[in-house]
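**Q** Before I ask anything, here is the structure I am working with.
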Amino acid sequence: MKRILIVDDSALMRTVLGDIIKSDSRFTVEDTAKDGAEALEILKKKSYDAVVLDVNMPKMDGITLLKELNKNKIRAKVMMSSTDTKEGAKVTMDALELGALDFVHKPDRASDCKGEAFMKQFINTLAAVCESKAPTSKAFSIEDIKASKKMVEIVSKHASKVTGNKIVAIASSTGGPRALQSVIPKLPKNLKTPVVLVQHMPEGFTASLAERLDSLSDVTVKEAAEGDVLQAGTVYLAKGGKHMHVITSGGKHTIHYVDGPTREGVRPCANFMYESLMDSDYDEICCVVLTGMGADGTEGIKNLKSKKKVHVIGQDQDSCTVYGMPKAVATAGLVDQVIKLDDIAQEIIMNVGVK
C-alpha cells in the first residue's frame, strides 16, 4: 500500500483529500501536516511514496518547502494542489521547476472536491507520482542551458544541409514541464520548422508554461491561438482543456481547436494533433514523445505513419519521470531513436535542420 503525506493548512481540506485517497485501496494517508515547517520536520525523519502539497500556507508555504527539501537533499515525490488563477499558475511552474512531479487543480471549496471528475483525476495523478522516479535534489539552472547551447551551435553547423518541408510534433505529460526545459531552450532561433506541442495540462496553466519556456528560449514559444499560421522557429503549445488540430488550407497550416470529450483520458490529446497532420503538406513529421503516464501519442503516430514519412524520437527510460508514453510508442515498434533527455534537442536539429 502506498503511504501518503498530506500537507495543507485547512483541516477540512486535509480530511476531504484524505477521504479521496483512502477511497482507493492502493493508498493510505500515513501522516498530515498543517504547514511546510511541520512537513519539513516530518520529512527529515520519514519518507513516503508521495507528498500532496498545498501552495499557500502560513509559517512555510509549499514553494519554500520545496526549496528546503532541495537544500537538505531530501528526495520526495511531490504532487502540488494548485489554484488556477494566473498567479497560481506561475507558482505551479515554480513548483515544477523545484522538483514537484505533477499537480492537480484543487477547487476553491472543499465540497467541490467530491465530484467524480476531480476525484478520478486526483487519484490518477497520485498514482503516476507514486510510480515515478523522485527528482534529484539538483534544481534546474540557467547554466544548464548555456552549456548545452554550445553543443547545439556545433550540431547546427552540420544541420544546415537538411532538405524537405518538415514539422516537429512533441507530446509530453507527467514530468513534461521540467523535461521541456531541457529541450525547447536548446532549439536555435533559425530552426527550419515550426514545432507543435501537446503537454497534458488543465485550462489556465498552459499560458504560464509557454511564458516560462519563451523567457528561456531563442525560439518563440506561445500558447497557440485559434487561427495561428505556423511559422518556422516558433513553438505552438496546445491550450489546456482543448484538443489542438493543425488544419491545412491554401498552402498554409493553421491551428484549430476542438472541444469534445477526453481521449486517452486527457484533453488536449496528442493523438488528435498527430492525426491532424495526416492531411498536411509536410513531407516528413519529426515526432517526439517525452515523459508521461499512459499511451497518448502511440495511436496518433501509428495512424500518421500510414500516410506520411515519420521519424520518431522517444525519451529513454532512465531520464523519464514516468516511462509510460515513450514506452508505449517503443513497445508498438514505432520508435526510430531512443534518446536521453539532454540529447533530444540536438537530434531534433539534426533531423529537421536550420535555415
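**Q** If you check ILE313, ILE301, ILE285, which single one turns out to be crowded, with 21+ Cβ neighbours inside 10 Å, over 17 Å from the mean Cα position of the chain (by Cα) and not in a helix (DSSP H, G or I)?
**A** Details: ILE313 fails: over 17 Å from the mean Cα position of the chain (by Cα); ILE301 fails: not in a helix (DSSP H, G or I).
It is ILE285.
**Q** For THR32, are the conditions met, namely being modelled with pLDDT of 95 or more and closer than 21 Å to ALA117 by Cα? I'd like the intermediate steps shown before the answer.
**A** Numbers: modelled with pLDDT of 95 or more: yes; closer than 21 Å to ALA117 by Cα: no.
Judged against the criteria, THR32 is not a match.
**Q** With respect to the numbered conditions (1) touching a helix residue (DSSP H, G or I) at 6+ places or on another chain (Cβ under 7 Å); (2) more than 17 Å from VAL352 (Cβ to Cβ); (3) among the aromatic types (Phe, Trp, Tyr), which one is the sole condition not fulfilled by TYR257?
**A** Only one criterion in (1) touching a helix residue (DSSP H, G or I) at 6+ places or on another chain (Cβ under 7 Å); (2) more than 17 Å from VAL352 (Cβ to Cβ); (3) among the aromatic types (Phe, Trp, Tyr) is unmet by TYR257, namely (1).
**Q** Okay, moving on. Only one of LEU216, LEU191, LEU230 is surrounded by fewer than 23 Cβ atoms within 10 Å (Cβ to Cβ), closer than 23 Å to THR291 by Cβ, of a type in the set (A, V, I, L, M) and not assigned by TED's automatic domain parsing to the domain that holds ALA117; which? Quick ask: steps written out before the conclusion?
**A** Working: LEU191 fails: surrounded by fewer than 23 Cβ atoms within 10 Å (Cβ to Cβ); LEU230 fails: closer than 23 Å to THR291 by Cβ.
None of the other options fit; the residue is LEU216.
**Q** Going by what's in this entry, would ASP84 be described as under 23 Å from VAL266 (Cα atoms), at pLDDT below 95, surrounded by fewer than 24 Cβ atoms within 10 Å (Cβ to Cβ) and within 23 Å of the chain's Cα centre (by Cα)? Can you show your working first?
**A** On the way: under 23 Å from VAL266 (Cα atoms): yes; at pLDDT below 95: yes; surrounded by fewer than 24 Cβ atoms within 10 Å (Cβ to Cβ): yes; within 23 Å of the chain's Cα centre (by Cα): yes.
The answer is yes for ASP84.
**Q** Scan the range 241-260 for residues that are in a strand (DSSP E or B) and either buried (at least 16 other Cβ atoms within 10 Å of the Cβ) or of a type outside the set (Val, Ile, Thr) (or both) and report the count.
**A** 12
**Q** Hey, another quick one. May I ask you to verify whether ASP343 is acidic (Asp, Glu), in a helix (DSSP H, G or I) and surrounded by fewer than 19 Cβ atoms within 10 Å (Cβ to Cβ)? Steps first, please.
**A** Details: acidic (Asp, Glu): yes; in a helix (DSSP H, G or I): yes; surrounded by fewer than 19 Cβ atoms within 10 Å (Cβ to Cβ): no.
Against the criterion (acidic (Asp, Glu), in a helix (DSSP H, G or I) and surrounded by fewer than 19 Cβ atoms within 10 Å (Cβ to Cβ)), ASP343 does not qualify.
**Q** Now for a separate question. Find the residue count for the range 303-355, including only residues that are under 24 Å from LYS133 (Cα atoms) and polar (S, T, N, Q).
**A** 6
**Q** Name the residues in the range 17-39 that are surrounded by fewer than 19 Cβ atoms within 10 Å (Cβ to Cβ), in a helix (DSSP H, G or I) and touching a helix residue (DSSP H, G or I) at 6+ places or on another chain (Cβ under 7 Å), would you?
**A** Matches in the range 17-39: none.
**Q** Also, quick follow-up: Looking at the range 330-348, I want the residues that are touching a residue at least 24 places away in the same chain (Cβ under 8 Å) and have a partner that is among the basic types (Lys, Arg) with Cβ atoms under 6 Å, at least 6 apart or on another chain. Which pairs are those?
**A** ALA345/LYS186
**Q** Out of all the residues in the range 99-120, which are in contact (Cβ under 8 Å) with a residue 24 or more places away in the chain, farther than 17 Å from VAL322 by Cα and not in a helix (DSSP H, G or I)?
**A** Scanning the range 99-120 gives HIS105, LYS106, ASP108.
**Q** Sticking with this structure for a sec: Could you identify the single residue in VAL78, VAL104 that is touching a Gly at 6+ places or on another chain (Cβ under 9 Å), under 25 Å from LEU40 (Cβ atoms) and not assigned by TED's automatic domain parsing to the domain that holds ARG212?
**A** Details: VAL104 fails: touching a Gly at 6+ places or on another chain (Cβ under 9 Å).
The conditions single out VAL78.
**Q** If you don't mind, another one. Any idea how many residues of the range 316-340 are buried (at least 19 other Cβ atoms within 10 Å of the Cβ), farther than 17 Å from ASN271 by Cβ and out of contact with any Pro (no Cβ under 9 Å at 6 or more places or on another chain)?
**A** Here the count works out to 4.
**Q** Okay, next question. Filter the range 91-112 down to residues that are surrounded by fewer than 20 Cβ atoms within 10 Å (Cβ to Cβ) and at pLDDT below 90 and give me whichever is nearest to LYS71 (Cα to Cα).
**A** Per the criteria, the residue is GLU97.
**Q** Output the residues belonging to the range 288-298 that are buried (at least 24 other Cβ atoms within 10 Å of the Cβ), in a loop (DSSP other than H, G, I, E, B) and among the aliphatic types (A, V, I, L, M).
**A** In the first step, residues of the range 288-298 are kept if they are buried (at least 24 other Cβ atoms within 10 Å of the Cβ); the result is 288-293, 296-298.
Add one more test, that the residue is in a loop (DSSP other than H, G, I, E, B), and what stays is 290-291, 293, 296-297.
Selection gives LEU290, MET293.
**Q** Now for a separate question. Of all residues being assigned to a helix (DSSP H, G or I) and aromatic (Phe, Trp, Tyr) in the range 261-282, which is surrounded by the fewest Cβ atoms within 10 Å (Cβ to Cβ)? Just the residue, please.
**A** Residues of the range 261-282 assigned to a helix (DSSP H, G or I): 270-279.
So of that shortlist, the ones also aromatic (Phe, Trp, Tyr) come out as 272, 274.
Working: PHE272: 22, TYR274: 29.
Among those that are assigned to a helix (DSSP H, G or I) and aromatic (Phe, Trp, Tyr), it is PHE272.
**Q** Still on this structure, I have one more. Is it true that LYS46 is surrounded by fewer than 17 Cβ atoms within 10 Å (Cβ to Cβ) and over 14 Å from ASP8 (Cα atoms)?
**A** Working: surrounded by fewer than 17 Cβ atoms within 10 Å (Cβ to Cβ): yes; over 14 Å from ASP8 (Cα atoms): yes.
When the stated conditions are applied, LYS46 passes them.
**Q** Of the numbered conditions (1) among the aliphatic types (A, V, I, L, M); (2) touching a residue at least 40 places away in the same chain (Cβ under 8 Å); (3) surrounded by fewer than 19 Cβ atoms within 10 Å (Cβ to Cβ), ALA225 fails exactly one; give the number of that condition.
**A** With (1) among the aliphatic types (A, V, I, L, M); (2) touching a residue at least 40 places away in the same chain (Cβ under 8 Å); (3) surrounded by fewer than 19 Cβ atoms within 10 Å (Cβ to Cβ) applied to ALA225, the lone miss is (2).
**Q** Taking TYR236 and the conditions (1) crowded, with 17+ Cβ neighbours inside 10 Å; (2) free of Cβ contacts under 8 Å to residues at least 40 places away in the same chain; (3) within 15 Å of the chain's Cα centre (by Cα), which numbered condition does it fall short on, given that it satisfies the others?
**A** So the condition that TYR236 fails would be (2).
The values are calculated or read from the model by the stated rules, or taken from the named source; none is laboratory data. No experiment lies behind these values; they were computed from the predicted model shown. As a convention, Cβ positions derive from the backbone with ideal geometry for all residues, glycine included, and neighbour counts pool all protein chains shown.
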